[in-house]
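Coordinate-derived values only; no laboratory data. This one's a predicted model, so the numbers in the text were calculated from it and none came from an experiment. Glycine also receives a Cβ, built like all others from the backbone with ideal geometry; neighbour counts cover every protein chain displayed.
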Amino acid sequence: MRSSLRSRLEKLEMHSEQAKPLMLRYGWLKPLPEDYIGERHVVIVKREPTETPNMEWCEFEERPGPAPAGPEDDACTVYLTRDS
């Protein structure tokens, strides 16, 4: 009985860790010039919370070079661009 209860608790704990809410970030992207050649990365310049939980309105900017080393971000990000 104890082992089956322990097994069920372990499964429930594992499931709760996997069910973390997804963070969604969306906003305008300021790109590098079209003639830029080379590696680039995107940074968040500004963040604003929204009325919806787990969503942020952001301003993004492309920067030259590789992204700085650091922890991975699990957020889903949507970049909006304006046609020139």
Problem - Condition check for A75: within 14 Å of the chain's Cα centre (by Cα) and either within 13 Å of G27 (Cα to Cα) or free of Cβ contacts under 8 Å to residues at least 60 places away in the same chain (or both) - result: yes
Exercise for the section: Being surrounded by 11 or more Cβ atoms within 10 Å (Cβ to Cβ), more than 16 Å from G65 (Cβ to Cβ) and in contact (Cβ under 8 Å) with a residue 40 or more places away in the chain is the filter here, so list the residues in segment 19-49 that pass it. Expected result: M23, L24, R25, Y26, G27, W28, L29
Fill in the blank from the handout: Picked from segment 50-72 (must be exposed (fewer than 10 other Cβ atoms within 10 Å of the Cβ) and under 15 Å from the mean Cα position of the chain (by Cα)), the residue farthest from L24 (Cα to Cα) is G70
Handout entry: Test: E48 is assigned to a strand (DSSP E or B), out of contact with any Ser or Thr (no Cβ under 7 Å at 6 or more places or on another chain) and farther than 14 Å from Y79 by Cα
Key = yes
